[in-house]
Amino acid sequence: MVQESYIPSREAELLGWAQNLNDRLEATPEAFGVTADQLVPFGSTYSAFAAAYAVTSNPSTKTKPAVADKNAKKAEMVRQARLLVSVLQGWPYMTDAKRDELRIPVRDSQPTPIGPPVEMPVLRVAAVNGSVLDLEVRREDGETKRKPAGVRSVNLYTHIGDDPPAQLTAWQYRGGSTKHNPQIVIEPEVQPGTKVWVTALWVNPTEQPGPACAPVQTRIGFQGLTEAA
């Protein structure tokens, strides 16, 4: 799997990483699918950062302006490094051995399959407006903005009756949603005051379902009434 951040965050390690990249590419650029001219932007920013880092490493010259200058040069070097690495990764003859040599990410040739979700969503009926149910779907940790890892969407189900069915096949599927605040519209012939049960489950990108959450009940036409089963 490709590392999320292959560029070191610690400046001493960053300097060593950049020096390795610069030195190996300068020695034999053609072995990595680049030209000497393509190395100039990164090489110049690496040299500038190395010099600025040396200044701030000395307590007698570590001033606020010097630190600000070093930080600016570091940011520009990292930017140029990412641009250069994208060129290197696009070379059709790049190998994992060469990537290891340059300390850049190794491509994942066999992506890890995503299994079905293991956690249940937390479901709440936020409001009832006539026959429209406004729902809120959260992760178990309370997060609403992000879904659990490996989850694409949430599937919604309803059942009209006094008690919720034990088997999901007895529920009515109401579609999937990628939102944390989906809506369900109940058929207009369902009378106000009718008890409606709602449940939900996460699904992964290949539509494999996770476990369904505990059913939640409400009543059509009664504003904001929610009750856990």
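Read-outs throughout are calculated quantities, based only on the coordinates presented, and are distinct from any laboratory measurement. No experiment lies behind these values; they were computed from the predicted model shown. Positions of Cβ are backbone-derived with ideal geometry, glycine not excepted, and every protein chain shown enters the neighbour counts.
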Over the range 154-168, the set of residues without any contact (Cβ under 8 Å) to a residue 60 or more places away in the chain and either farther than 22 Å from Val118 by Cβ or touching a strand residue (DSSP E or B) at 6+ places or on another chain (Cβ under 9 Å) (or both) is Val154, Asn155, Leu156, Tyr157, Thr158, His159, Ile160, Gly161, Asp162, Asp163, Pro165, Leu168
Residue hits (the range 22-43; among the aliphatic types (A, V, I, L, M), without any contact (Cβ under 8 Å) to a residue 12 or more places away in the chain and surrounded by 11 or more Cβ atoms within 10 Å (Cβ to Cβ)) are Ala36, Val40
Please go through (1) under 21 Å from Leu83 (Cβ atoms); (2) surrounded by 14 or more Cβ atoms within 10 Å (Cβ to Cβ) for Val55 and return the number of the only condition it doesn't satisfy. (1)
So which residues in the range 90-140 are loosely packed, with under 15 Cβ neighbours inside 10 Å, farther than 29 Å from Leu156 by Cβ, free of Cβ contacts under 8 Å to residues at least 60 places away in the same chain and over 21 Å from the mean Cα position of the chain (by Cα), if there are any at all? Gly90, Trp91, Pro92, Thr95, Asp96, Ala97, Asp100
What number goes with the only condition from (1) touching a strand residue (DSSP E or B) at 6+ places or on another chain (Cβ under 9 Å); (2) surrounded by 11 or more Cβ atoms within 10 Å (Cβ to Cβ) that Glu143 does not pass? (1)
Considering only residues that are hydroxyl-bearing (Ser, Thr, Tyr) and part of a strand (DSSP E or B), look in the range 199-218 and name the one that is farthest from Glu119 (Cα to Cα). Thr218
When you look at Arg146, is it of a type in the set (Lys, Arg) and in a helix (DSSP H, G or I), yes or no? no
Which count do you get for residues in the range 9-21 that are outside any loop (DSSP other than H, G, I, E, B) and free of Cβ contacts under 8 Å to residues at least 24 places away in the same chain? 3
If you scan the range 167-185, which residues turn out to be surrounded by fewer than 16 Cβ atoms within 10 Å (Cβ to Cβ), of a type outside the set (Ser, Thr, Tyr) and part of a loop (DSSP other than H, G, I, E, B)? Gln167, Lys179, Asn181
Out of curiosity, is Asp69 touching a residue at least 12 places away in the same chain (Cβ under 8 Å) and of a type in the set (Asp, Glu)? yes
Does at least one position in the range 219-227 carry a residue that is in contact (Cβ under 8 Å) with a residue 12 or more places away in the chain, within 20 Å of Ile114 (Cβ to Cβ), assigned to a loop (DSSP other than H, G, I, E, B) and of a type in the set (A, V, I, L, M)? no
